[in-house]
Amino acid sequence: MSADLTLYRPVGTAELALIEASGWTEFPSRLPEQPIFYPVTNEGYARQIARDWNVVHNDDKRGYVTRFAVRGDVADSYERKVVGGAAHEELWVPAEELDVFNAAIIGKIELIATFTAEDVE
């Protein structure tokens, strides 16, 4: 059996509110124009996205990083993609399989970092 996997998800304020509304147990459904849910495999990359993308592109100029664990057998069923340097690894979960992925989350989704416009140079 595969070891459980810790993943990170950079999110904006609206997505964070939906995660909180779930009791910190699941990620919200994807929008029609979002065919892939892609948590990332390392905290540094998640922080980079939250700080350098979410803060700049969200109306409220905020970005957040969440951390969560997922069962290894489920995580192993999804493709890993490197989308830049070696540190830019994502797990690609098709939007239609997000319910299965959410059911494999172990414990609660944690908020581990918050960024605002003051954090962006």
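The values are calculated or read from the model by the stated rules, or taken from the named source; none is laboratory data. All values derive from a computational prediction rather than experimental measurement. In this analysis, Cβ positions are derived from the backbone assuming ideal geometry, glycine residues included, and neighbour counts consider all displayed protein chains. In case anyone asks, the SASA skips ligands and DNA or RNA and just uses the protein heavy atoms, side chains included. Shrake-Rupley method; radii C 1.70, N 1.55, O 1.52, S 1.80 Å.
Taken as a whole, region 55-63 holds at least one residue that is touching a helix residue (DSSP H, G or I) at 6+ places or on another chain (Cβ under 9 Å) and in contact (Cβ under 8 Å) with a residue 60 or more places away in the chain.
Among the residues of region 81-97, write down those that are in contact with a strand residue (DSSP E or B) (Cβ under 7 Å, 6 or more places away or on another chain) and over 20 Å from ALA50 (Cβ atoms). Before you say what the answer is, go through the steps one by one.
Quick first cut of region 81-97, residues in contact with a strand residue (DSSP E or B) (Cβ under 7 Å, 6 or more places away or on another chain) only: 81-83, 88-95.
Passing the criteria: PRO94, ALA95.
Restricting to region 19-48, give me the number of residues that are among the hydrophobic types (A, V, I, L, M, F, W, C), under 20 Å from PRO94 (Cα atoms) and surrounded by 14 or more Cβ atoms within 10 Å (Cβ to Cβ). Result for region 19-48: 6.
Would you point out the residue of region 73-119, among those that are of a type in the set (D, E, K, R) and assigned to a helix (DSSP H, G or I), that is modelled with the lowest pLDDT?
Taking region 73-119 and keeping what is of a type in the set (D, E, K, R), we get 73, 76, 79-81, 89-90, 96-97, 99, 108, 110, 118-119.
Going one step further and asking which of them are assigned to a helix (DSSP H, G or I), we end up with 73, 96-97, 99, 118-119.
Values: ASP73: 96, GLU96: 96, GLU97: 97, ASP99: 97, GLU118: 90, ASP119: 87.
Selected residue: ASP119.
When PHE68 is tested against (1) in contact with a Gly (Cβ under 8 Å, 6 or more places away or on another chain); (2) open to solvent by 70 Å² or more (accessible area, probe 1.4 Å); (3) among the hydrophobic types (A, V, I, L, M, F, W, C); (4) modelled with pLDDT of 95 or more, only condition (2) is not met. Report, by residue number, each residue of region 85-94 that is loosely packed, with under 14 Cβ neighbours inside 10 Å and in contact (Cβ under 8 Å) with a residue 12 or more places away in the chain. ALA87 - this is the single residue of region 85-94 that is loosely packed, with under 14 Cβ neighbours inside 10 Å and in contact (Cβ under 8 Å) with a residue 12 or more places away in the chain. Among the residues making up region 1-51, those that are touching a strand residue (DSSP E or B) at 6+ places or on another chain (Cβ under 7 Å), closer than 13 Å to LEU111 by Cα and of a type in the set (A, V, I, L, M, F, W, C) are LEU7, VAL11, LEU16, ILE19, TRP24, PHE27, ALA46, ALA50.
Considering each residue of region 9-18, count those that are open to solvent by 30 Å² or more (accessible area, probe 1.4 Å) and either assigned to a strand (DSSP E or B) or of a type in the set (Ser, Thr, Tyr) (or both), and give that number.
Going through region 9-18, the residues open to solvent by 30 Å² or more (accessible area, probe 1.4 Å) turn out to be 13-15, 17-18.
Checking which are either assigned to a strand (DSSP E or B) or of a type in the set (Ser, Thr, Tyr) (or both) leaves us with 13.
So the answer is 1.
Yes/no per residue for (1) modelled with pLDDT of 95 or more; (2) of a type in the set (A, V, I, L, M); (3) under 15 Å from ALA87 (Cα atoms):
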{"site": "SER2", "(1), (2), (3)": "no, no, no"}
{"site": "SER22", "(1), (2), (3)": "yes, no, no"}
{"site": "TYR38", "(1), (2), (3)": "yes, no, yes"}
{"site": "GLU43", "(1), (2), (3)": "yes, no, yes"}
{"site": "ALA46", "(1), (2), (3)": "yes, yes, yes"}
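Which one of ASP73, ASP52, ASP59 is among the charged types (D, E, K, R) and surrounded by 15 or more Cβ atoms within 10 Å (Cβ to Cβ)? Spell out the reasoning first.
On the way: ASP73 fails: surrounded by 15 or more Cβ atoms within 10 Å (Cβ to Cβ); ASP59 fails: surrounded by 15 or more Cβ atoms within 10 Å (Cβ to Cβ).
Being among the charged types (D, E, K, R) and surrounded by 15 or more Cβ atoms within 10 Å (Cβ to Cβ) holds for just one of ASP73, ASP52, ASP59, which is ASP52.
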